[in-house]
Amino acid sequence: MMKKLKASEIRQKYLDFFVEKGHMVEPSAPLVPIDDDTLLWINSGVATLKKYFDGRETPKKPRIVNSQKAIRTNDIENVGFTARHHTFFEMLGNFSIGDYFKQEAIEFAWEFLTSDKWMGMEPDKLYVTIHPEDMEAYNIWHKDIGLEESRIIRIEGNFWDIGEGPSGPNTEIFYDRGEAYGQDDPAEEMYPGGENERYLEVWNLVFSEFNHNKDHSYTPLPNKNIDTGMGLERMASVSQNVRTNYETDLFMPIMNEIEKVSGKQYLVNNEQDVAFKVIADHIRTIAFAISDGALPANEGRGYVLRRLLRRAVRFSQTLGINEPFMYKLVDIVADIMESYYPNVKEKQISLSVL
């Protein structure tokens, strides 16, 4: 039986599991990149580990685990209108720099998800996708893990490539939430990997074998690496059995405060819900970005913060909120995240201007 866990418990279990498997915990790096001028923000769990993957530096241990805060702002306007789109999120990841490869990566993932000691998911609710030509991954899933063929889906797009840097085929693990979900989704999308609400991707395992170079050529990496990502918000929604990430314990205390200030209720009216989600998402991003040294400005990352602030204020007005109240939400974000990110609490003074 799957355990119902708080997000902070999922994060801790993930780190503990991989420490047991010989991984070193890499602390979450600041959102403002320190030594990477190609990025406006740290946007993934692997972004801070590029130096190991491309061979510039050697880590103390070849096995690394982290819970990395990240910001992605390429489609801000979608936030609030979907169940799982965020500008700020946490990515749980385990990484191998030239140590283990597909076999162990898949076995670790399966054990963490299905073992009663860890997440305790029902194995018959899990499906996987692979790259059509990745016979090695297929054989591990089918022969070693014991997944029947019908639960291994071949998808051409299962090749991880986000521009310059490590790339390679990937396998994704999906959780079937059951027939109550996805009833409004088109029938042709109703499969793991399709655009639907029933089959939720919970983990992406990337088998980094190539470097995507500046001239768009691909060369084999000095070592084969593993790079995985599990969205904490999404895993919390599965574990807590709620419809969207916004009903998890990462967001509900924020929603409750917005209800108090606005006198409106969350989950009563779709249009209002969009405003709740926009405000809750954006305040997390703003609180974390400012606590990591970014400030609203007219260009670059500061401009992104200004846009998020304006958008949050605009949507708060649709709920009838016309006085400053964001600072109250910052306190709540700090409380929710304090166990792993004490610096948001420490930097609250500079956030009280909101």
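So here's what we get for this one:
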read-out	value
FRET efficiency for Leu39 and Arg310, using Cβ-Cβ distance with R0 set to 25 Å, rounded to 0.05	0.60
Whether segment 66-158 is rounded, prolate or oblate, judged on the alpha carbon gyration tensor where a/c under 1.5 counts as rounded	prolate
Fully extended contour minus Cα-Cα distance, from Tyr303 to Val274, at 0.36 nm per residue	8.2 nm
Cβ crowding within 10 Å averaged over residues, with 162-174, 72-84, 211-223 ranked highest first	162-174, 72-84, 211-223
Unit charges on C-beta of K, R, D, E only; dipole of the chain, Debye	1240 debye
Length-normalised contact order of segment 115-251 in % [C-alpha pairs under 8 Å, at least 6 apart]	19 percent
Ranked by how many other beta carbons lie within 10 Å on average, peptides 292-300, 42-50, 109-117 from highest	42-50, 109-117, 292-300
Candidate lysines - alpha carbon under 26 Å from Lys347, same-chain residues fewer than 8 apart omitted	Lys6, Lys69, Lys260, Lys277, Lys328
Residues of type lysines that Lys21 reaches as a straight line, Cα spacing below 17 Å, ignoring anything fewer than 8 places off in the same chain	Lys13, Lys60, Lys61, Lys102, Lys117
Rg/Rh for segment 136-288, where both radii come from Cα atoms and Rh is the Kirkwood radius	1.06
Dipole of the chain [Lys/Arg +1, Asp/Glu -1 at C-beta], most positive-end residue of Val278, Val242, Phe325	Phe325
Inter-probe distance in nm under a simple model that places probes 7 Å from Cα toward Cβ, at Glu189 and Glu323	4.2 nm
Sorted by Cβ density within 10 Å, fewest first, the residues Met230, Met326, Met2	Met2, Met326, Met230
In sequence order, calculated HN-Hα J values of segment 111-116 (Karplus, 6.51, -1.76, 1.60; Hz; x Gly/Pro)	5, 4, 6, 9, 5, 5
Over the chain: helical MRE at 222 nm, DSSP H runs n ≥ 4 each giving -39500 (n - 2.57), nearest 500	-10000 deg cm²/dmol
Inter-label distance, nm, simple model (7 Å from Cα along the C-beta direction), Glu57/Ser115	3.0 nm
Karplus-derived HN-Hα couplings along segment 79-91 (A = 6.51, B = -1.76, C = 1.60, θ = phi - 60°), whole Hz, x at Gly and Pro	5, x, 9, 10, 7, 9, 8, 9, 8, 10, 7, 10, 10
Residue-wise HN-Hα coupling along segment 125-136, computed from phi with Karplus coefficients 6.51, -1.76, 1.60 (Hz; x: Gly, Pro)	9, 9, 10, 9, 10, 9, 6, x, 8, 8, 5, 4
Segment 231-293, relative contact order [Cα under 8 Å, separation at least 6], %	19 percent
Gyration tensor (Cα) of segment 251-351, equivalent ellipsoid semi-axes in angstrom	22, 17, 10
Highest average packing first - 279-291, 305-317, 180-192, Cβ atoms within 10 Å	279-291, 305-317, 180-192
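Taken together, the values in this text are just the output of simple stated rules run on the coordinates, not laboratory data. What you see is a predicted model; the values in this text were computed from it and never measured. Please note: Cβ atoms are built from the backbone with ideal geometry, for glycine as well, and neighbour counts cover all protein chains shown.
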